[in-house]
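The block underneath contains the structure these notes are about, expressed in structure tokens.
Values in this text are rule-based calculations from the coordinates and carry no lab data. Values in this document were obtained by computation on a predicted structure and should not be read as measured data. Here the Cβ is made from the backbone with ideal geometry for all residues, glycine too, and neighbour counts use every protein chain on show.
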Amino acid sequence: MIRQAQKNQNRNLSVLIYDAIKDIAHTLTGENQRENVLSTLDMYVNMDTNRLSYNNIWVYEAHHQAVGLILAYDSNDLERLDAPILAHLASKNIFKDSFEMECFADEFYIDTVSVDSRFQGRGIAKKLFAFIENKAKESGYRKISLLVDVDNKKALSLYKKLGFQKNTILEVSGHSYHHMIKIL
């Protein structure tokens, strides 16, 4: 079952996010230690507004727990969504005007997709993608986009099967990523 994430749901969401975005999580939290990263991600997930907010997360549940998630939002809202994260970083004396570009205007951007390793290979990611594609269409978007690490051949293969095409390469948190789009 796929449903909208809830505020104060459980720590598993932060673990799923961290497992998917690794170094980007360190950049977004300003933390280096896993427990501190997860704690800050928990704070972000439970906020009403930011790119990692529960309002932008849909979870796949099995056995009454979130075993997968997809996190997506309007690329045109990035400045508003990043303001609370940039303010938090500034409170830790980490000053940034913005983060590195991950998407372009007028995209429904899939920031993160993650499935617990114990549940991989069961089609959960495909179901999450189908769900978010329908959500994007219902909301009037004409394209969805995502990033995939240039070295992640398994994910790249999946995204191609789902109809995504490489658009360009972007550098984020010291890594190269294919920016991929799918026209709806």
**Prompt:** Do any of Lys127/Lys182; Lys96/Lys182; Lys7/Lys160; Lys153/Lys182; Lys127/Lys154; Lys137/Lys182 go past 22 Å between their Cα atoms, and which?
**Reply:** Lys96/Lys182; Lys7/Lys160
**Asked** Where a Cα-Cα gap under 20 Å defines reach, which aspartates and glutamates qualify for Lys135, not counting those fewer than 8 residues away within the same chain?
**Response** Asp48, Glu61, Asp74, Asp77, Asp106, Glu107, Asp111
**Message:** Expected output is a single nm value to one decimal: the length gained when fully extending between Glu138 and Lys22, i.e. 0.36 nm times separation in residues minus the C-alpha distance. What is it?
**Reply:** 38.7 nm
**Asked** What FRET efficiency, computed as 1/(1 + (r/R0)^6) with R0 = 30 Å and r the Cβ-Cβ distance, is obtained for Ser173 and His63, rounded to the nearest 0.05?
**Response** 0.35
**Asked** Phe104 versus Ala83, label points 7 Å from Cα toward the beta carbon: distance in nm?
**Response** 2.7 nm
**Prompt:** When a footprinting reagent is the concern and you count Cβ atoms within 10 Å, what order do Val148, Val15 take, fewest first?
**Reply:** Val15, Val148
**Prompt:** Hey, with R₀ at 30 Å, roughly what FRET efficiency would Leu184 and Lys92 work out to, going by the Cβ-Cβ distance, to 0.05?
**Reply:** 0.15
**Message:** Cut-off is 10 Å between beta-carbons; in what order do Thr49, Thr168, Thr27, Thr40 appear when sorted fewest neighbours first?
**Reply:** Thr168, Thr49, Thr27, Thr40
**Prompt:** If each of Arg3 and Phe131 carries a label point 7 Å out from its Cα toward its Cβ, how far apart are those two points in nm?
**Reply:** 1.1 nm
**Asked** Rounded to the nearest 0.05, what FRET efficiency is calculated for Phe119 and Asn76 with R0 set to 25 Å and r the Cβ-Cβ distance?
**Response** 0.15
**Asked** Sorting Asp149, Asp42 on the 10 Å Cβ count, fewest up front, what's the list?
**Response** Asp149, Asp42
**Label corresponding to semi-axes √(5λ) of the Cα gyration tensor in Å when calculated from the structure given, among [x] 23, 20, 16; [y] 39, 19, 16; [z] 25, 22, 15** = [x]
**Asked** Applying the Karplus parametrisation 6.51 cos²θ - 1.76 cosθ + 1.60 with θ = phi - 60° to the phi angles of region 51-60, what ³J(HN,Hα) value in whole Hz is obtained for each residue in order, glycine and proline being reported as x?
**Response** 4, 9, 4, 3, 5, 10, 10, 10, 10, 9
**Request:** Note down the nm distance, to one decimal, between modelled labels 7 Å out along Cα→Cβ at Ser39 and at Leu158.
**Result:** 3.1 nm
**Environment charge of Ser98, counting only residues whose C-beta is closer than 10 Å and scoring Lys/Arg +1, Asp/Glu -1** = -3
